[in-house]
Every structure is written in structure tokens, then in C-alpha cells.
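Novice: Okay, handing you the structure first.
The values are calculated or read from the model by the stated rules, or taken from the named source; none is laboratory data. None of the values given here were measured: they were computed from a predicted structure. Glycine also receives a Cβ, built like all others from the backbone with ideal geometry; neighbour counts cover every protein chain displayed.
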Amino acid sequence: MYSLTGLKDFASAKDLVGDRIEQINKTGLVVLHNVSFSLSAVGLLFLIAFQINNSLSLSWFFLSITVAFALIPMLARKGFEKVSKFLLLAYVDLCILILSAVFGKDMLIQTFYVPACGLSILLFNKEHIKLRNLGIGMAVGCYLILDYVIFDQVVFSAGEGLVIKWSILAAAFVTTWMTFNKFSETKELAEEQTQELLKETQALNEELMQKKEELEENVRQLEKAKKKIEAGSKAKSEFLSTMSHEIRTPMNAIIGMTNLLVQDNPRENQMEQLEILDFSAKTLLSLINDVLDFSKIESGKIELEKVSFNLQNLLNGVMESFRFTADKKGVERFLEISEDIPQTIVGDPNRLTQILNNLLSNSVKFTDEGRVGIRVDVKQQQGGQIRLLFSVEDTGIGISKEKQKEIFNSFTQERAETSRLFGGTGLGLAISKRLVELQDGEIYVESEKGEGSTFYVELPFVIGDESSGDISSSKNENEKATPESLEGKTVLLVEDNIINQKVMMRFLERLNIKTLVAENGEKAVDMLQENDIQLVLMDLQMPVMDGYEATQCIRELGNRKKSDIPIVALTAAALKEVKEKVFAAGMNDYLTKPFNPSVLQNKLEYYILEKK
């Protein structure tokens, strides 16, 4: 939310400017009140003084002017502003004239006609210029009368006296008039400039107020747009989660049943069909994952992990996943790892697998003869940090120079007919590039048309402890199962989908594990209390009571053995929010559908046998 307090306070100066202009226009009234009450107070002081001296005539004079000056502001308040101002000037001139006549020229009382002229200028603004000039003329006239009387007392010859007298009188009149008129013009100019400045300030403040209102409206619109975007993002996340769950659930059954059939020693012609089925299912899952991953990356929902893993095992798994496709095409596979690369590193094994799978998938797809493979070298090593260079090489169709920069763009393939001939969404390389950049890495390609391609991926890792490693990669994924190690153990399968129940039960049977099934969380809690169970496989989305609530109920059981039982989530939504919610609910681990049988076995052995 933007803070508009300062702008609002500044713009509110509009009212202050208007008040200031009004004050300028009322300057005459302010002067009238101040001068009237001041002169009234002075008259009162003189009244007291002359009353003490028993001067009755002057006492009555000062009493009259005290009352007159006090009544003038009251007359102005009744609406007679101009009359009040002119009366004030008249009384001032009259008082100066009378006092000068009484006390004589030696008291220099006539000099007060100078401020009297200035008072005329202060009382009347330029709209009342005639009254102002009349007030000035009245003060100058009274001054001339006094001067005439004074000079009349001086003895000159007839000719000399007349010339000197009228010359001085004319000079006094012109000088006084010019002086106060110039002062009047200067005052008016200052007032005009002040008013113009204040009006400009007022106009600017009005414009600022308008801009402020527009800004506030824009902020409101932005807030509405933000809420819509957040609602759209939430809806998109929910849609992705639902899509992930709904698509992965049947894919789990297809891939799971295919694996089970392969393990049942099928005939040779059946084996080929099962391999085709397995390859097609995994290809479909890969396409689905591409779309979901691209959406997650675009919405900023992608997650990165920092875990220890065995690089050799990971690369063996990646190469093994393309064995069937490469063998079918007669393409040789190779894996070369530099000897100075540590066995265990810390990073995101899932994202590294995804990147290499995308690149190797393209290599196998576009190579009909020759070889494909991965080389791994040390690009840079410093302290506990290491930067590895993965080179995915093939002898396939290659990429033209002009297309090499475009292939990392979304939905882009080297040729228009590529999708029709080889399949794919055109998202694999775009996703790989974004994943590499998110890990502060770099990806680029070298290729010649018809001579194959080499994709280079540079990624930073931390050198890990050789004794550490994550559960899923602690064993070679191709390692043969050892059902005897889990024989006689009991697992509670909490799953509402009947097909997924059957698939999971078949896998557990092959490990000689006794399986109890609950179709919702409520029944799972009851069955756990009634039976001796070593581990719970918990689905998340179920009727009556979901997996999160069921887990919380289990963790709150009074029996410590029951409440501490290992719980592994079964989730088809491989989103970061779901995983965080899984651990927040109190589950120990999660297994993403469709699951790898060897990963399932590793988790079962770890939580049932090793972590007792």
C-alpha cells in the first residue's frame, strides 16, 4: 500500500493559500481596527492626563476623539467599511490640525500628516484608488494650511515672501504627493505579485490534489488488479495440484502394473509389448511433467533443494532409464566421470536428473546410429565449492547455426516437422534452461548440421560428506530387492482408490510385507490402534477424513508407540506447497506417484529397519 500522507498534507495547503489571499484583501480592515483602538487608547491616556491638570476644554476634546475612534470599528462591522475608513482619516487629520493650532509650530505636530498619508494607502487598496487619493489629498491640504499659517508669521518683503511661500508650498505638495504615490504603487505591486504567487501556488495545489486523487484511484485499481492476480495465481496453483493428482493417479496404476508384469517372467513376445507400454507411459508422464513444470516455473512456484546425493548412482539411473530406447535403435550409450569428482555432492538431485533426462531424451530421440552419452568434468573447484561441467553428446541429426539460439525458447523445435516426426512439446530445453539459471548455472550448445550435438551444462555444488546421502539414492536403483529383510512386517495402506490399492498391495506382497488397507483417514486411525503396524503409507486426498487430518490425529494419540509411527505420504501432486504441508502435518516423508519400486523399498527399509 502506498503512503500518500505527505502529498495529502501538501495538497491541503490549497485552503491556506485561499485564506492568505483573503487576509491580503482584508488588510485595510485590520489596519482600521488596530489604528482606531490604538488612537482611542492614546486619547484615553491624554484625557486622564488633562483631567488631572484641570484642563476642561482639552478633556472634552480627548473624550470626544476617544469615543469616536472606538465607534469607528463598530461602524465597519455593520457593513459601512469605506465610510468608516474615510471617517478615521478625517478624524486623524482634524486631530492633527487642532493640536497643531493649540500647541503651535514648535511642537511639530504637523509632521504627523506624513503617516496620515501612509494610513490612506494602507486603508484603501487599488480597487478604491479614488478614495485613497482623496485621503492623501486631505492630509496634504491640511498640511498646506498649517504651513501657510506658519509661513504667514515670517516677515518678508511683499514680492519675496509671496514667491518663497508658494514655492515651498508647491514643493511640499509635489514631494509629499510623489512620495506617497510611489509608496502606494510599490505596495500595490507587492500585493499583486504576492497574490499572483499565491494564486499560482493555489493552482499548483489544486493540480496536486487532482494528481493525488488520480494516484489514489490508480492505487485502488492496482490493489484490485493485485487481488485478481493473487486469486488467479491461487486458482492456477489449485488447478495444477488437481491436474497433477488426477493425471498421476491413473499413471501410477499403469506404470505400476507394467513393472509388476515385467517381474512376473513374461514370454518374450509379451516382454516386448510390456516394454513398449512402459516406454509409452513414461513418455506420456514426461510430457505431462513438462507442461506442469513449465507452468510452475512461469508462476514462480518452482522449488530447489539442497541435499546430499551420490552423483554416480544418479547418473547410472539416468543412463539406465534410456537403455530400452537406445538398444531398440542400436545406439551405443556411454558415461564418463572424471576421477577428481567427489562421490557425494550437495545440490538438487531431482532437478539435475530432470535436466539430464531432457537433454539425453533429445539425444536418443534424434540419433539413429552412433552413440549418446554423458561426460562429467570439474570446471572449477575452490574450498568446499565445486562447479561441474556436464556434456551430453550425440551423433544425431545436429542443429543448424541459425536455430541454436532459438531452441531454448518455449514451444520451439529445430524444424516445424520435428514434433510430427519425433514427438514432444518443445518445452524440454526451455525448462532445462530455466532450471539451470535458477541454480546460477549456464547451458549452451555446440552442433553441426548432420554431425551431432553437444549440450553443455555448468552447475555449482557443495562437496558433501561421503557418509551422507538421501534415502532414495542410498542404494542403486537397479539393486535387486531383498524381500526377506522386510518379511513379516505390517504396513497400513491408507488409500481410497481401489486400483491404486491393488497396485501397492502387489508391490508390498513381493517384499513379503503384510498389508492392511483403510479407505479413509478415520478408519486408518481406528485400525492403527487395533493392530501392530510398523509404518503407514498415507494418501492425502480422501473422503471422510484426509491424510493431513488423519496424521494429526495419530500424532495426538496417547500411546507413544502408536503416535510416533513412521508415516510416508503418497501424493500425486509434486508441488512445493503440498510437500511443505505434508511435513507440517507431521508426516516423516513422501512418495510421489508414479513411484519407483526401488525408492519405495528404500524408504520402507529405512523407516522400518534402520530408524527404529
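Novice: Looking at the stretch 523-538, can you tell me whether even one residue there is within 39 Å of the chain's Cα centre (by Cα) and in the same structural domain as LEU492 (by TED's automatic domain parsing)?
Specialist: yes
Okay, residues lined up against (1) in contact with a Leu (Cβ under 6 Å, 6 or more places away or on another chain); (2) at pLDDT 80 or above; (3) under 26 Å from LEU389 (Cα atoms):
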{"residue": "GLN263", "(1), (2), (3)": "no, no, no"}
{"residue": "LYS282", "(1), (2), (3)": "no, no, no"}
{"residue": "LEU311", "(1), (2), (3)": "no, yes, yes"}
{"residue": "MET319", "(1), (2), (3)": "yes, yes, yes"}
{"residue": "ASP327", "(1), (2), (3)": "no, yes, no"}
{"residue": "SER338", "(1), (2), (3)": "no, yes, yes"}
{"residue": "THR344", "(1), (2), (3)": "no, yes, yes"}
{"residue": "PRO349", "(1), (2), (3)": "yes, yes, yes"}
{"residue": "ASN358", "(1), (2), (3)": "no, yes, yes"}
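Novice: Something else: Looking only at the stretch 493-502, which residues are out of contact with any Ser or Thr (no Cβ under 7 Å at 6 or more places or on another chain), surrounded by fewer than 22 Cβ atoms within 10 Å (Cβ to Cβ) and either among the basic types (Lys, Arg) or outside any loop (DSSP other than H, G, I, E, B) (or both)?
Specialist: ILE498, ILE499, GLN501, LYS502
Novice: Would you check which residues across the stretch 123-147 are touching a helix residue (DSSP H, G or I) at 6+ places or on another chain (Cβ under 8 Å), among the basic types (Lys, Arg) and either at pLDDT below 75 or farther than 21 Å from PRO73 by Cα (or both) and list them?
Specialist: Within the stretch 123-147, LYS126 is the sole residue that qualifies.
Novice: Restricting the stretch 219-243 to residues that are modelled with pLDDT of 85 or more and surrounded by 12 or more Cβ atoms within 10 Å (Cβ to Cβ), which is farthest from LEU540 (Cα to Cα)?
Specialist: Applying the filter and picking the extreme gives VAL219.
Novice: Also, quick follow-up: Return the total of residues in the stretch 384-397 being part of a loop (DSSP other than H, G, I, E, B) and surrounded by fewer than 22 Cβ atoms within 10 Å (Cβ to Cβ).
Specialist: 3
Novice: So, one more: Mind listing whichever residues of the stretch 569-589 are without any contact (Cβ under 8 Å) to a residue 60 or more places away in the chain and surrounded by fewer than 21 Cβ atoms within 10 Å (Cβ to Cβ)?
Specialist: Within the stretch 569-589, GLU580, LYS581, PHE583, ALA584, ALA585, GLY586, ASN588 qualify.
Novice: Six or more apart or on different chains, Cβ under 9 Å: which pairs go from a residue in the stretch 306-332 that's aromatic (Phe, Trp, Tyr) to one that's part of a strand (DSSP E or B)? Could you list them?
Specialist: The qualifying pairs are PHE309/THR344; PHE309/ILE345; PHE309/VAL346; PHE309/GLY347; PHE322/ARG333; PHE322/VAL372.
Novice: Could you tell me which of the residues GLN552, GLN541 is farther than 28 Å from ASN512 by Cα and in contact with a Gly (Cβ under 8 Å, 6 or more places away or on another chain)?
Specialist: Unique residue meeting the criteria: GLN552.
Novice: Here are some residues: SER598, SER563. Which one is in contact (Cβ under 8 Å) with a residue 40 or more places away in the chain and either at positive phi or out of contact with any strand residue (DSSP E or B) (no Cβ under 9 Å at 6 or more places or on another chain) (or both)?
Specialist: Only one candidate passes the filter, namely SER598.
Novice: Shifting gears a bit: Name the single residue that is surrounded by the most Cβ atoms within 10 Å (Cβ to Cβ) among those in the stretch 42-95 being charged (D, E, K, R) and part of a helix (DSSP H, G or I).
Specialist: LYS85
Novice: Right, next: Go through (1) in a helix (DSSP H, G or I); (2) surrounded by 16 or more Cβ atoms within 10 Å (Cβ to Cβ); (3) assigned by TED's automatic domain parsing to the domain that holds VAL376; (4) not β-branched (Val, Ile, Thr) and name the single condition ALA281 misses.
Specialist: All conditions are met except number (3).
Novice: Between a first residue in the stretch 448-474 that is modelled with pLDDT under 90 and a second residue that is in a helix (DSSP H, G or I) and aromatic (Phe, Trp, Tyr), which pairs have beta carbons less than 8 Å apart while being 6 or more apart in sequence or on different chains?
Specialist: ILE471/TYR606; SER474/TYR606
Novice: For the stretch 244-258, which positions are at pLDDT below 70 and of a type in the set (Gly, Ala, Ser)?
Specialist: The one that is at pLDDT below 70 and of a type in the set (Gly, Ala, Ser): SER244.
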